[in-house]
Amino acid sequence: MIRSPFTHTYAALPDRFYVRQEPLPVRSPELVMLNTALATELGLNFSYYSDKELAALFAGNTPFPGADPLAMAYAGHQFGHFVPQLGDGRALLLGEITSASGQRRDIHLKGSGRTAFSRQGDGRAALAPMLREYLISEAMHALGIPTTRALAVVTTGETVQRDKPLPGAILTRVAASHIRIGTFQYFAARGDVDSVRILTDYARKRHYPDAASPLEFLHAVLEAQATLIAAWLCVGFIHGVMNTDNMSISGETIDYGPCAFMDAYDPKTVFSSIDRNGRYAYANQPTIALWNLTRLAECLLPLLDDAPPRAEALATEALNRFAPEFETAWQSGMRRKLGLSAEEAGDAALIGDLLQLMQRHKADFTNTFRALYDHALSPENAPSPFAATIDTGQEWLNRWRSRFDATNSPRSEQLEMMRYANPFIIPRNHQVENALMAAQTGDIKPFETLHRILAAPYTTQADYRDYTNPPKDKERVFKTFCGT
Ligand code: AMP
Ligand code: MG
């Protein structure tokens, strides 16, 4: 990589969109993870670099050829409270790379030192949370859910002070862009309609080129988020911090903090230790997404129509589409989990009754659905996943079986659909925590193993069945690793 791989369309926006800042060098960087498959997708060839050179590159100690690092400005509602200026306090956009398939991707360092937006923060990040983001974002990608990606993690050779001193690290993140709802709020809160218009135009062309107007852009963002949140719910994912600054315009999952996957099915599940009121609980995510999108719509009002009442009517009409779009996406995701291709009357009840059973019996979300797939695959061998443990399970199973058998599509297609909707393995929180604890004390092996298994989540990996076990009581993690 001698020539610059970068273009700089965001840096070409007006100065008020960002503050230029070089990464601040760290003492002795070491490479921990490098995602060579992703590098290849991006057309980056690192094979001529030694690990030492790569570490220096991903730490920001030696500049990426052609990078033009900047900290993006944004605002955001955090747990419902508006903060007019957040911005990249510990992250930098190096530039954009166009991948082999022609998609423009941001390359972004997280933990690269203080910026104009750092406020009281040190601009740095700790190893465990950066590895957590690497692991879970790559697991989400393997599950087929839109997400930012992780290209590399380096340790810095420095400690960061949290509630105790922790090893410091820097993550290199790859995203369709880092434009958030909060980016729009930053300008809207300043009454800077001109900038909102420039940003809307930029984001529209970059992410939704078919959207011809700000209103169509709003529709497109709503639809992308409805699809995304439905996909989260279908694998039991809980984001944990759905603040408006953590919601991407592109429709990718972004900012993996105290996120986690649910074990036993309970719609009220919360993992984040800072989410005291369950604002971001599992089943509340569609509601919160709509709340956040309403904040986006407010920013766009002046662009929708010159007459405020008309603009509000258009925004309301657009926002009203979210619930049915989410419902459609979720129902179709759940039907895939049950191996049902076409929609039929009674499906909603079939899905709802199963979830009720699961909740009543604290059934493991992932394993229950995978067991149903195994059962569909070989009904004669596999023990019923329900009869033994669940009172009315057999009755439900009979109903499902007759609906499944009556479906008018080839059995092999039904089974494939089920397989790719019901992962064998997800990043179980207790496994993730164990791997991160080990990595933090210098043993990266458990992390590497977990990462490798999670790369093929829909494949039955019989040797790793232990990793599919829900936590035993003493292993249970109620609050995720929240050191940042
Ligand atoms: P997050 O909770 O990671 O989404 O971050 C919320 C805001 O706090 C963003 O503006 C971050 O840039 C900022 N921030 C988080 N951690 C730090 C840190 N260690 N130093 C400076 N800013 C930070
Ligand atoms: Mg954030």
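Do the conditions hold for Gln85, that is, is it within 16 Å of ligand 2 (Cβ to nearest atom) and more than 20 Å from the chain's Cα centre (by Cα)?
yes
Could you check segment 201-253 and list, in sequence order, the residues that are among the hydroxyl-bearing types (Ser, Thr, Tyr) and either away from ligand 2 (no atom under 16 Å from the Cβ) or in a loop (DSSP other than H, G, I, E, B) (or both)?
Answer for segment 201-253, where residues must be among the hydroxyl-bearing types (Ser, Thr, Tyr) and either away from ligand 2 (no atom under 16 Å from the Cβ) or in a loop (DSSP other than H, G, I, E, B) (or both): Tyr202, Tyr208, Ser213, Thr227, Ser250.
Among the strands (runs of 3 or more DSSP E) confined wholly to segment 34-134, which include 3 or more residues that are open to solvent by less than 10 Å² (accessible area, probe 1.4 Å)?
Ranges flagged: 70-72, 91-98, 104-110.
In this structure, does Pro258 turn out to be within 16 Å of ligand 2 (Cβ to nearest atom), in a loop (DSSP other than H, G, I, E, B) and within 30 Å of Asp364 (Cβ to Cβ)?
Considered against the rule, which asks whether it is within 16 Å of ligand 2 (Cβ to nearest atom), in a loop (DSSP other than H, G, I, E, B) and within 30 Å of Asp364 (Cβ to Cβ), Pro258 comes out as yes.
Can you find, within segment 261-304, the residue that is surrounded by the most Cβ atoms within 10 Å (Cβ to Cβ) among those that are within 16 Å of ligand 1 (Cβ to nearest atom) and among the hydrophobic types (A, V, I, L, M, F, W, C)?
Only one residue fits best here, namely Phe271.
The values are calculated or read from the model by the stated rules, or taken from the named source; none is laboratory data. Every value quoted in this text rests on a predicted model; they were computed, and no experiment measured them. Because the Cβ atoms are built from the backbone with ideal geometry, glycine has one as well, and the counts that use them run over all protein chains shown. The accessibility values were calculated without ligands, DNA or RNA, using every heavy atom of the protein model including side chains. Shrake-Rupley method; radii C 1.70, N 1.55, O 1.52, S 1.80 Å.
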